[in-house]
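Enquirer: Please find one structure pasted underneath; my questions will follow.
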Amino acid sequence: MKNVLRERNRRLLFRSHLFLVGGLLIVALVLDLGFGHLQSREEPELDRWLESTFYLIEQRLAEAPLEQRERIAAALADDLGVGVQLLEREDVYMNLTSEHHLPALVDADGNTSYLHDAESIDAIIRLGPIAEPGDSLLLNLLPPLFYLSIFVVVGLWLRPLLKDINVISDGAQRFAADYREPLSTADQTTELTGLAKNLDEMAARLSGVLRSQKELIAALSHEMRTPLARIRFALAVIGNRDDEELQQKLGAMNDDVQEIDDLIASMLNYARLDHPDIKMHLQAVPASAWLEQILNKSRTDAVRIEGHTENAPDKVWMDPRLMELAVSNLLVNASQYAKQNVRCSLTQEADDYVLSVEDDGHGIPEGARDKVFKAFTRIDDSRNRETGGYGLGLAVVARVAGLHGGIASVDSSPSLGGAYFSISWPVREN
């Protein structure tokens, strides 16, 4: 169970990490594209810079005498930091019908030169070569480093949360297994300390309430048996008198005492099964012989109880004492409400043992089946204290099933038409 909770927490961390990182990456990409688009719109285009530069160069050269143009071009090159060269128009072929009216020449080294047809000076102005900006390793690494940092930051943020969740989950699991051990998780958490503190306080209050309740039930159950024993003794002494009317009244009183004694026994059984210190004595039990022995003890003249073990495994891994208590309760319950027939079966279905008890009575309404296994639950008038039920027998059945790692369920009997109770628990190897 602990491993299951840890695996569930890991999946929660993964989903949270994936959601946060994915969301941040999408936002980052959208912002990156948006800023790039806005930046490209606001930055001056290269053509505008070239046009302005060529216009200034042409103006300077047009104002100078023809013999001084080469010297002025060299001076402009020094001022601009870019080569400026005058070419004869006959030496250069330019397609002026091209959409790009500033042709670019790229040499073997990747440097770019731009040409401009200066009609005012009857020459071609060459600007360049302009070296391409070199790639910066740091600049190239910035985007992946940024996205990687999102993974790292989110992971570091979620790590203490996962640790706190594991601490709280482990403490809650220990408290569920043993209510006498209150939670103590507040000192072990960092981010969820407030939640852990509230859970610790709640667990401490629940532990105190449960302790008091169980101690009270156990004490009352034991203490009530002493006066009941004295009442039984007094009834036996008085019963020696030869008075028929008195004998009838004493018989009725004795039945009431027996009913209280049975209720106390049921309460003690239920309290004992619900105690954290209960120990299971699991062993491989011969299925057919074990079930037949229980059926022989439970058979009465009122109804016919049949046992079916044809499909039962040779041996069943269980605590025979506790499972006998559960089966006996189911048989008593079925015998009380059956018309004539009760059927008990033990089979193995896939990876589960299934022990079922069904009857031909009125059954249990579908809307009430989810609460019949709760303590002190009575469904209707046909299942009340007058028939001998206290609402604890089926609760004991559910508890025994849970101790074996299984479940107890109720349905309609497909063959007898009444109630169909079953206990299923996983198959275990010896």
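Enquirer: Within the bounds of the stretch 109-128, is there any residue that is modelled with pLDDT under 80, assigned by TED's automatic domain parsing to the domain that holds Glu67 and exposed (fewer than 12 other Cβ atoms within 10 Å of the Cβ)?
Expert: yes
Enquirer: Next question, about the same structure. Give just the number: which of (1) in contact with a helix residue (DSSP H, G or I) (Cβ under 8 Å, 6 or more places away or on another chain); (2) at pLDDT 80 or above; (3) not assigned by TED's automatic domain parsing to the domain that holds Gly22 does Leu183 not satisfy?
Expert: For Leu183, the failing item is (2).
Enquirer: Is it the case that some residue within the stretch 198-211 is surrounded by fewer than 14 Cβ atoms within 10 Å (Cβ to Cβ), at pLDDT below 70 and either part of a helix (DSSP H, G or I) or outside the structural domain of Pro320 (by TED's automatic domain parsing) (or both)?
Expert: Taking every residue of the stretch 198-211 in turn, none turns out to be surrounded by fewer than 14 Cβ atoms within 10 Å (Cβ to Cβ), at pLDDT below 70 and either part of a helix (DSSP H, G or I) or outside the structural domain of Pro320 (by TED's automatic domain parsing) (or both).
Enquirer: If the Cβ limit is 6 Å and pairs must be 6+ apart or interchain, which residue in the stretch 330-353 that is closer than 15 Å to Ser409 by Cα and in a strand (DSSP E or B) pairs with which residue that is at pLDDT 90 or above and hydroxyl-bearing (Ser, Thr, Tyr)?
Expert: Listed pairs, sorted by first residue: Ser345/Ser356; Asp352/Ser424.
Enquirer: Here's another thing I want to ask about it. Which numbered condition in (1) touching a strand residue (DSSP E or B) at 6+ places or on another chain (Cβ under 9 Å); (2) in a helix (DSSP H, G or I) is the only one that Pro129 fails?
Expert: (2)
Enquirer: Further question: Name the residues in the stretch 283-295 that are of a type in the set (A, V, I, L, M) and crowded, with 16+ Cβ neighbours inside 10 Å, would you? Reasoning before the result, please.
Expert: Residues of the stretch 283-295 of a type in the set (A, V, I, L, M): 284-285, 287, 289, 291, 294-295.
Across the stretch 283-295, the qualifying residues are Val285, Ala287, Leu291, Ile294, Leu295.
Enquirer: Right, another one. Does Leu216 meet the test of being modelled with pLDDT under 70, surrounded by fewer than 17 Cβ atoms within 10 Å (Cβ to Cβ) and not hydroxyl-bearing (Ser, Thr, Tyr)?
Expert: yes
Enquirer: For Leu250, state whether it is closer than 21 Å to Ser409 by Cβ and at pLDDT below 85.
Expert: no
Enquirer: If I ask for residues that are over 15 Å from Ala334 (Cα atoms) and surrounded by fewer than 14 Cβ atoms within 10 Å (Cβ to Cβ), which ones from the stretch 415-430 would you list?
Expert: Pro426, Val427, Glu429, Asn430
Enquirer: Find the residue count for the stretch 332-355, including only residues that are crowded, with 22+ Cβ neighbours inside 10 Å, in contact with a helix residue (DSSP H, G or I) (Cβ under 9 Å, 6 or more places away or on another chain) and under 16 Å from Lys297 (Cα atoms).
Expert: 3
Enquirer: Consider Ser298 carefully, then state whether it is surrounded by 16 or more Cβ atoms within 10 Å (Cβ to Cβ), modelled with pLDDT of 70 or more, more than 43 Å from the chain's Cα centre (by Cα) and hydroxyl-bearing (Ser, Thr, Tyr).
Expert: In short, yes.
Enquirer: I would also like to ask the following. Cβ-Cβ below 6 Å, separation at least six or inter-chain, first residue in the stretch 181-200 and farther than 15 Å from Lys163 by Cα, second in a loop (DSSP other than H, G, I, E, B) and of a type in the set (A, V, I, L, M, F, W, C): which pairs?
Expert: Leu199/Leu183; Asp200/Leu183
Enquirer: To continue, here is another question. Which of the residues belonging to the stretch 80-101 are surrounded by 10 or more Cβ atoms within 10 Å (Cβ to Cβ) and either modelled with pLDDT of 65 or more or farther than 17 Å from Ala123 by Cα (or both)? Break it down into steps so the answer makes sense when it comes.
Expert: First, the residues of the stretch 80-101 that are surrounded by 10 or more Cβ atoms within 10 Å (Cβ to Cβ): 80, 82-87, 89, 92, 94, 101.
Result: Leu80, Val82, Gly83, Val84, Gln85, Leu86, Leu87, Arg89, Val92.
The values are calculated or read from the model by the stated rules, or taken from the named source; none is laboratory data. Not measured: the values here are computed from a predicted model. We place every Cβ from the backbone using ideal geometry, glycine too, and count neighbours over all the protein chains shown.
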